[in-house]
Every structure is written in structure tokens, then in C-alpha cells.
Amino acid sequence: MSKLYMKGNEAIVEGALKAGVEGFLGYPITPASEIIETFAQRYFADREREKRGEKPLYPKFRLFLQMESEIASINAVMGGASVGCRVMTASSSPGISLKQEGISYLAACELPCVIVNIMRGGPGLGSIQPEQGDYFQAVKGGGHGDYKLIVLAPNSVQEMAEHTMLLFNLTDKYRNPGMILTDGYLGQMKESMEFPDIPIEKYEKPWAVTGIGDRETQNIIESLFLAPEPMIEAKTKLWQKYKKIESNEVRYEIYKVEDAKILVTAYGTPSRVAKAAVDLAREKGVKVGLLRPITLWPFPYKIYADLTSNQIDKVLVVEMSFGQLLEDVKLGVEGRAEVRLYAVYGGIVPTEKDILEKIMEFD
Amino acid sequence: MRVSALIPKYPEPQTYLGRTHYCPGCGHSTLHKILGEIIDELGIRKKVILIEPIGCSVIALSYLKVDGIQGPHGRAPAIATAVKRLRPQNIVITYQGDGDLAAIGTNEIIHAANRGEMFTTIFVNNAVYGMTGGQMAPTTLLGQKSTTTPGGRVAEYCGYPLRVCELLNTLDAPVYLERVSLFDLEHISRTKAAIRKALINQIEKRGFSLVEVLSNCPTNWKMSPKQSWNFVKQEMTKVFPLGVFRDK
Amino acid sequence: MMLYRKIHLVRPLSYQVKILEDRCKGCQLCVNVCPKSLLKPSTRANQKGYLVIEWEDSKVGGCMGCGACYEVCPEQAIRIYAEIEK
């Protein structure tokens with residue numbers, strides 16, 4: 001495949017189109033507006049082609065709509081997912097807050113869909129600078145109830161596309177909503193990338209709402225259980241599914257950890273910088289490695305436990321938030337190593353020198 | 001000796017399953033029955049997707065044998081937008097109460113109607129929040145007592161009753177808006193005709209239709225079924241006039 | 001559908017109204033609407049505890065099969081039959 005040069009937000013769109021996305025419903029918000037705009041361009045360009053009698057480039061992409069609010073967008077995604085189509089929406093932190101009720105319903109009704117969160121400064125209106133403050137919201141559940149989202153954290157424009165394609169497959173496979181958790185820096189960054197060969201995995205959707213037709217039973221997408229017994233049954237099924245995802249879909253990247261004494265861990269944009277800092281530290285003779293979780297849920301607790309059971313006794317968590325990734329790292333490390341936090345927030349991305357300084361202090 | 005046979009006057013219902021949990025004399029039962037009859041008559045049961053509200057009729061799909069979706073409170077028009085646009089071959093109906101459509105869901109219904117979405121909305125207006133025990137609704141009449149307006153609704157605190165048909169009539173896109181009721185046989189007939197027309201509008205791809213049905217709530221109004229329909233006939237129609245508001 | 005057409009072609013000998021008692025909720029909307037006052041609440045309760053409605057035809061000026069009770073019943077608990085000579 002040939003190399004392309006594009007923005008992170010555009011890569012998400014291209015990845016989704018390659019994955020056969022059928023509907024995009026969204027609402028503009030900085031720094032995610034390029035996603036809805038790029039989808040609009042592709043959609044209307046195809047309609048122009050059809051008018052001229054040519055074939056559309058993306059025949060599957062037949063629903064594009066700028067909805068009246070973030071809330072309407074997530075509910076339209078629920079509608080699209082209910083009828084068995086691949087649908088997605090994209091927003092940024094305050095918009096994702098608005099979507100939480102819809103996300104809770106999507107998880108309860110076991111509907112596959114992709115939600116993109118281009119994180120920005122928070123809480124409140126915050127800023128349009130990148131931050132990573134929505135980790136808890138995505139991973140520990142911002143919506144009500146006991147549920148989990150499959151959360152992927154790309155750290156390059158390449159991964160923005162790759163993870164979108166992967167997430168469509170994962171969400172269809174497990175019938176669960178999923179989230180791409182990234183930040184404004186990656187969304188706006190331009191980089192070269194190459195489309196990976198991720199096939200569109202087809203999964204049967206006998207549960208989809210398509211009109212009763214000749215079926216004997218109705219297909220109803222619902223999440224109300226008035227009596228305890230059906231509720232227990234439904235939740236047991238949900239949690240068995242989550243256990244299965246936890247066993248099968250953990251993804252992470254390790255770099256120079258074989259003989260490391262200090263482990264630096266980060267996801268998203270800080271992980272790129274941390275990798276460079278690890279190299280700089282190694283030049284200075286410090287034995288340091290990097291662990292980058294790729295799936296934030298299911299979180300790779302086991303690899304933290306494994307690595308800290310050997311010679312690693314110091315873990316430096318680098319995040320653009322105030323101790324959110326830290327908590328999961330501590331759970332994985334379980335006291336086997338000293339865990340320190342390097343929190344950078346307000347919209348500043350740490351530089352290699354900053355991280356290097358923290359590593360040297362820790363050593 | 002004469003030999004005779006008993007012939008049923010009406011066909012057995014296919015869509016409406018009956019055995020509802022609704023209170024005796026509740027307009028929801030009657031309206032489900034009418035909707036079921038029209039779906040049977042038009043022969044579209046296999047294609048219908050019904051989007052239930054949050055409210056007393058949250059389990060409407062237990063009584064209407066069609067496919068459907070139970071969405072969050074008020075969001076049915078947004079769900080219906082995506083469903084109809086992705087599956088235009090289905091007949092998409094949203095069935096919403098006054099809290100669902102006129103309180104939390106006003107944004108969704110106005111924008112869906114404004115876009116001229118090709119689905120049909122049945123809006124059940126009974127001037128009170130039934131399922132949660134009788135609180136004030138946006139359509140509660142002035143002076144009407146409810147659990148959150150114990151002395152009766154007062155305009156200075158709570159505003160005026162919201163007239164949805166009139167509101168939507170200011171938009172360009174909707175093709176059919178009518179307010180009907182079920183308090184006597186003539187109006188039951190009129191409601192049937194309205195729902196039939198609204199569904200035919202969808203089948204023939206004319207545009208967005210909304211049928212507002214003035215209904216009762218005997219339990220929360222603390223009246224018998226007969227008294228509650230009298231209330232609808234005499235009091236509610238003064239504030240919510242019946243009739244066709246738009247018919248393109 | 002042919003069955004229902006037959007009722008209009010031939011004059012029925014009589015009409016019979018059957019109340020499906022497990023569906024009736026005793027709301028009495030049918031009682032109010034019958035032009036011949038042939039429906040009245042009974043003293044029997046069904047399994048849900050509702051006092052069901054009962055129908056009794058009268059020899060003079062009886063049931064015309066107008067269907068008002070059927071149309072108004074919210075539960076579709078009424079079935080109307082026409083007795084037709086074969």
C-alpha cells in the first residue's frame with residue numbers, strides 16, 4: 001500500500017470508510033470538527049458522483065447527518081446500531097459527557113458502535129488544548145450502571161486509522177460499544193501513514209431490528225428489566241462477555257523492558273515523547289523501558305504485574321491528567337514497585353527533556 | 001330446523017396482543033388497539049419498527065407484535081431518524097407521551113420534524129406524567145392539580161400548557177399534523193382515519209406526520225374512565241383544539 | 001375476508017356478543033356506549049380481580065351488531081358474531 005500524509009482526524013475518517021462504515025452522525029466541536037467535515041465532504045462528493053451517473057466511492061456510506069446536538073447524535077447511533085449497521089460518532093470531552101446516557105443504553109442493549117473522543121482540556125468548558133482527563137470517564141464508565149466500553153488509545157496518525165478499523169471489528173464481534181480515546185494533539189497532527197490490511201470481519205446479526213417479517217419472535221432492543229431474575233440473567237451475560245474480552249483482547253506495546261530497572265508508562269501522545277525520553281535515558285546509561293497500554297479497557301494489568309515481579313522496581317506514569325492512568329497502573333503493580341506520577345496538564349504536552357529529567361530524578 | 005353458523009364480524013387482531021397492564025379505560029390501550037388495527041388493515045406488520053417511549057407505554061412492544069427499540073426518554077425521533085434513513089423500506093413509528101415529546105424531547109422532535117424525516121409520530125397527550133405517579137406535564141392545564149402542582153398549575157410559576165401541533169405547524173417540512181381524541185365513537189373513528197393517513201403518508205413517502213391524541217389518565221386524575229373522557233371532551237379540547245393543522 | 005362480506009349480503013338472524021373475561025378490566029366504557037343497554041357489570045371477578053362485564057341480549061329491540069362496544073373496548077375483549085342461516 002502507498003504511504004499517505006494526513007491529519008489524525010482525517011485518518012479516523014479514512015479508516016472508518018475502509019472499514020465499511022454505514023452511518024456517521026455527529027455535531028461539530030473543537031478539536032473534532034474535522035471528522036464531521038471530512039465525512040461530509042466524502043458523503044456529498046459521492047452524491048455528486050451519483051448525480052452524474054458515476055459509481056460512488058463508498059457505496060456503504062449512505063447515512064451522514066449533522067444532528068442537532070451531541071445527545072441526538074448518540075441516540076441516532078443507537079438507532080443505526082439497532083438495525084445492524086456500522087455507525088459511528090465523534091466528539092470531544094464536553095460532548096462525550098452529553099452522550100453518557102446514550103452510551104449506557106448502548107452498552108446495556110449490547111449494540112456495536114464506535115465513539116471517538118478527541119480529548120481536550122477539562123473539566124467544564126476547559127480549553128481546546130489537548131489533555132487526557134477523560135480516562136476515568138471512558139474506562140471506569142461515565143454513564144450509569146455496570147458496563148464497560150472497549151477503549152483503544154492510538155498514539156500516531158497510523159494508529160488512528162488502524163484502531164478505527166480494528167474497533168469496528170471488535171465491537172461487532174462482541175456486540176459492545178467501543179471508544180477511540182485520543183487527544184487534540186493527535187487529532188490535529190499531520191503525519192505519514194499507510195493503511196494496514198485489516199479485513200472487514202462480518203458477523204451475523206440475527207438480533208437486529210429489521211421489521212418482524214416472517215419471524216415468530218419480535219426483535220426488541222430494550223434494556224428494561226422490571227423483575228430481579230431477568231436482570232440478573234442479563235447482567236451475568238454482560239459480565240461473562242466482559243471476562244471474555246479481558247482474556248482475549250488485551251493489547252500493549254513494550255520497548256526495551258528486558259533489562260530495565262525503571263518502567264515509564266503512558267498512552268497516547270505522551271507515549272511518543274516517553275519513547276524518545278527512554279532512548280535519551282539509555283544513552284545516559286539508565287536502564288529504562290516503556291510500557292504503552294493500547295487497550296485501556298481491557299487494561300493490561302497482567303503485564304504490569306509480570307514486569308514488576310522481575311527486576312523493575314520503579315514505575316513512572318506520564319499522563320496529561322491528574323492521576324487517572326496512575327490508579328490502574330497501581331492496580332496492576334500491586335505494590336511490587338514504587339509508582340510515581342508525572343502529571344502534565346493545562347494543554348501542554350511534555351517534552352523528552354521533561355520526561356528525561358523525571359526519569360533521572362527517579363533513578 | 002334452521003341450520004346456522006356464527007360468523008365473526010371483525011377479523012382477529014394480528015398485531016395487537018391485548019392483555020395490557022394499562023389501567024382500565026386508559027387511552028393507551030385503545031390507541032394500541034387502533035394502531036394494531038390500522039397496521040393489520042394496511043398489511044404492514046412485517047415492516048413496522050416501533051420506537052417506544054419512556055412512560056406508561058414503555059413496554060408497548062409487549063402488546064404490539066412488531067420489531068422495535070426502547071430508547072432513552074425523549075430521544076425517539078433521533079433514533080427514528082437513523083433507523084428510517086438506513087432502512088427506508090421499513091415503516092418507522094415513534095409512539096411518545098407528553099413528557100417524552102414535549103418536555104425532555106422537544107429538541108429532538110422539532111429538529112426531526114424540521115428535517116422532514118420520513119417517519120410517523122403518535123403523540124399521546126394526557127396532561128400528566130402517568131408512569132411516575134401524576135406529576136405536572138408541559139401540557140398540564142392551568143388550574144389542573146397534579147402531585148407537583150398541588151394547588152393547581154399557576155402560569156407565573158410553571159408557564160402555560162404547550163401546544164405541540166401549533167408549534168410544529170410553524171415549520172416548513174411536516175406534511176400532516178392533526179389533533180384527535182378518543183372520547184367517543186365519532187372521535188375514535190376520526191383517530192383511526194388520522195393514523196391511517198399518517199401511515200399512508202409514510203408509505204407513499206410524502207414526509208413527516210404527527211398525530212396528537214388527547215388521552216386520559218383515570219388513575220392519576222382520580223376519575224372513573226367515563227369521567228376522565230368527559231374531562232378530555234369538555235376541558236382539554238378548550239386548551240388543545242381538535243382538528244387538522246396541516247395536510248399537504 | 002369472504003366471511004365478513006357474507007354478513008353484509010345476508011341479513012343475520014341474530015347477533016351474539018362474547019366478552020373475553022380474562023381480558024376485561026371492567027372499565028364500563030362499553031356499558032356507556034351500547035345504544036340498547038345490553039351490557040352491564042357483573043358480580044364476577046376474573047383472575048386479575050376486575051369485575052367483568054356481561055352481555056345479555058333482549059328479545060325485543062335487541063343487539064343490532066353495531067359494533068360500538070367492540071370499537072370502544074380498549075382491551076379488544078369483545079367479540080361479535082353474526083348468526084347466519086346456512
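The values are calculated or read from the model by the stated rules, or taken from the named source; none is laboratory data. Owing to the predicted nature of the structure, the values given are computational and were not obtained by experimental measurement. Heads up, the Cβs are rebuilt from the backbone with ideal geometry, glycines too, and the neighbour counts pull from every protein chain shown.
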Filtered residues of segment A:43-70 (kept if in a helix (DSSP H, G or I) and either in contact with a Gly (Cβ under 7 Å, 6 or more places away or on another chain) or under 16 Å from residue A:13 (Cβ atoms) (or both)) = A:43, A:44, A:45, A:46, A:70
query = Do any strands (runs of 3 or more DSSP E) entirely within segment C:8-86 hold 2 or more residues that are of a type in the set (Gly, Ala, Ser), and if so, which?
reply = C:39-45
ask   = Can you find a residue in segment B:149-161 that is surrounded by 14 or more Cβ atoms within 10 Å (Cβ to Cβ), more than 14 Å from chain C (Cβ to nearest Cβ), over 15 Å from the mean Cα position of the chain (by Cα) and in contact (Cβ under 8 Å) with a residue 24 or more places away in the chain?
value = yes
request  = With the condition kept exactly as written, say whether any residue in segment A:208-221 is in contact with a helix residue (DSSP H, G or I) (Cβ under 6 Å, 6 or more places away or on another chain), loosely packed, with under 14 Cβ neighbours inside 10 Å and closer than 30 Å to residue B:39 by Cα.
outcome  = yes
Residues of segment A:320-353 satisfying the condition of being farther than 22 Å from residue A:187 by Cβ and either assigned to a helix (DSSP H, G or I) or small (Gly, Ala, Ser) (or both) = A:323, A:326, A:327, A:328, A:329, A:330, A:331, A:332, A:333, A:335, A:337, A:353
request  = Give the residue, chosen from B:36, B:25, B:18, that is assigned to a helix (DSSP H, G or I) and either in contact (Cβ under 8 Å) with a residue 24 or more places away in the chain or more than 7 Å from chain C (Cβ to nearest Cβ) (or both).
outcome  = B:36
ask   = With respect to residue B:216, is the statement that it is part of a loop (DSSP other than H, G, I, E, B) and either touching a Lys or Arg at 6+ places or on another chain (Cβ under 6 Å) or within 16 Å of residue B:137 (Cα to Cα) (or both) true?
value = yes
request  = Find the residue count for segment B:86-106, including only residues that are surrounded by fewer than 24 Cβ atoms within 10 Å (Cβ to Cβ) and either out of contact with any helix residue (DSSP H, G or I) (no Cβ under 6 Å at 6 or more places or on another chain) or more than 10 Å from chain A (Cβ to nearest Cβ) (or both).
outcome  = 7
ask   = Quick check, is residue B:43 surrounded by 17 or more Cβ atoms within 10 Å (Cβ to Cβ), at positive phi, within 14 Å of chain C (Cβ to nearest Cβ) and out of contact with any Asp or Glu (no Cβ under 9 Å at 6 or more places or on another chain)?
value = no
inquiry  = Of everything in segment A:251-294, what is under 25 Å from the mean Cα position of the chain (by Cα), surrounded by 22 or more Cβ atoms within 10 Å (Cβ to Cβ), in contact (Cβ under 8 Å) with a residue 40 or more places away in the chain and in a strand (DSSP E or B)? Give them in sequence order.
reply    = A:263, A:264, A:265, A:292, A:293
request  = Determine if segment C:8-17 includes at least one residue that is out of contact with any strand residue (DSSP E or B) (no Cβ under 7 Å at 6 or more places or on another chain), in contact (Cβ under 8 Å) with a residue 12 or more places away in the chain, within 7 Å of chain B (Cβ to nearest Cβ) and closer than 23 Å to residue B:5 by Cα.
outcome  = no
remark   = Every listed condition ((1) surrounded by 17 or more Cβ atoms within 10 Å (Cβ to Cβ); (2) on the phi > 0 side of the Ramachandran plot; (3) without any contact (Cβ under 8 Å) to a residue 24 or more places away in the chain) holds for residue B:143 save (1)
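Conditions tested, residue by residue: (1) modelled with pLDDT under 95; (2) outside any helix (DSSP H, G or I); (3) more than 18 Å from the chain's Cα centre (by Cα).
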{"site": "B:137", "(1), (2), (3)": "no, yes, no"}
{"site": "B:166", "(1), (2), (3)": "no, no, no"}
{"site": "B:170", "(1), (2), (3)": "no, yes, yes"}
{"site": "B:180", "(1), (2), (3)": "no, yes, no"}
{"site": "B:195", "(1), (2), (3)": "no, no, no"}
{"site": "B:210", "(1), (2), (3)": "no, yes, no"}
{"site": "B:234", "(1), (2), (3)": "no, no, yes"}
